[in-house]
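Enquirer: One structure coming up, written as structure tokens, with questions to follow.
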Amino acid sequence: MTNDSKRRHVFISHHHKDDEHVEKLTKLLSKDGYDVRNSSIRVNPKNAERLAQKKVKDETIKRLLRMKISWASTTIVLIGQKTHERKWVNWEIKQAHEQGKRIVGVFERGGTNNDIPDNFEKYGSSLQAWNSKGIISAIDGSDTSFQNPDGTLRQAPHSPTVTTC
């Protein structure tokens, strides 16, 4: 039985080629007893085809993403090799900021400081290496540090916005 005090509702913003890392992240946090409820979109092959063929309007995608972000208390940005190039990741970060959500960056294994999206540099609340305790502390708002991928501290690019939900 899951303890509600260890349940976290998050939206995980990521490059869809990194879907496997979404699963790895939720498994990492569950090892410490956390029940992570993720509202992000993972695209099945049929929907991927519709998106590639531009059969889904951007406004429809934005409406769906706004709803999913609003449900979550925190937006986690998985930072991998192509994350900074993804227009939707940057849009999701800005939307989370506009909704007053905490925005936590998490480096995937192999992610670098060069992979950080522009909007995360503007609006991020905390940036964490791949470490469950640091990630949970950032989700909860008790850790607003900015780390490098190896876990060493780095200077925050701005004064982090701190919100509590």
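Enquirer: Residues in the range 74-91 that are crowded, with 22+ Cβ neighbours inside 10 Å and touching a Gly at 6+ places or on another chain (Cβ under 7 Å): how many? Quick ask: steps written out before the conclusion?
Expert: From the range 74-91, those crowded, with 22+ Cβ neighbours inside 10 Å are 74-79, 83, 89; that's our starting set.
With the extra rule that they be touching a Gly at 6+ places or on another chain (Cβ under 7 Å), the set shrinks to 77, 79.
Of the residues in the range 74-91, 2 are crowded, with 22+ Cβ neighbours inside 10 Å and touching a Gly at 6+ places or on another chain (Cβ under 7 Å).
Enquirer: Also: Only one of these conditions is not met by Lys94: (1) at pLDDT below 90; (2) over 22 Å from Ser132 (Cα atoms). Which number is it?
Expert: Here Lys94 meets the rest and fails (1).
Enquirer: Go through the range 54-157 and tell me which strands (runs of 3 or more DSSP E), entirely inside it, have 2 or more residues that are over 19 Å from His16 (Cβ atoms). Walk me through how you get there before you give the answer.
Expert: Details: elements: 74-79, 102-107, 126-128.
Filter on the range 54-157 gives 102-107, 126-128.
Enquirer: Tell me yes or no: at least one residue of the range 100-108 is open to solvent by 60 Å² or more (accessible area, probe 1.4 Å) and either touching an Asp or Glu at 6+ places or on another chain (Cβ under 7 Å) or among the charged types (D, E, K, R) (or both).
Expert: The first filter runs over the range 100-108 and keeps only residues open to solvent by 60 Å² or more (accessible area, probe 1.4 Å), leaving none.
Looking through the range 100-108, none of the residues is open to solvent by 60 Å² or more (accessible area, probe 1.4 Å) and either touching an Asp or Glu at 6+ places or on another chain (Cβ under 7 Å) or among the charged types (D, E, K, R) (or both).
Enquirer: Still on this structure: If Thr112 passes every condition in (1) among the β-branched types (Val, Ile, Thr); (2) in contact with a helix residue (DSSP H, G or I) (Cβ under 7 Å, 6 or more places away or on another chain); (3) open to solvent by 10 Å² or more (accessible area, probe 1.4 Å) but one, which one does it miss?
Expert: Failing condition for Thr112: (2).
Enquirer: Among Trp130, Trp71, which is the only one that is in contact (Cβ under 8 Å) with a residue 24 or more places away in the chain, of a type in the set (Phe, Trp, Tyr), surrounded by fewer than 15 Cβ atoms within 10 Å (Cβ to Cβ) and within 24 Å of Gly33 (Cα to Cα)?
Expert: Exactly one of Trp130, Trp71 is in contact (Cβ under 8 Å) with a residue 24 or more places away in the chain, of a type in the set (Phe, Trp, Tyr), surrounded by fewer than 15 Cβ atoms within 10 Å (Cβ to Cβ) and within 24 Å of Gly33 (Cα to Cα), namely Trp71.
Enquirer: Are there any pairs with C-beta distances below 6 angstrom linking a residue in the range 1-26 that is of a type in the set (Asp, Glu) to a residue that is modelled with pLDDT under 90 and open to solvent by 30 Å² or more (accessible area, probe 1.4 Å), with the two at least 6 apart or on different chains, and if so which?
Expert: Sorted first by the residue in the range 1-26, then by its partner, the pairs are Asp19/Arg42.
The values are calculated or read from the model by the stated rules, or taken from the named source; none is laboratory data. This one's a predicted model, so the numbers in the text were calculated from it and none came from an experiment. Cβ atoms come from the backbone with ideal geometry, glycine included; neighbour counts cover every protein chain shown. Areas reflect the complete protein model, heavy atoms only, side chains present, ligands, DNA and RNA absent. Shrake-Rupley method; radii C 1.70, N 1.55, O 1.52, S 1.80 Å.
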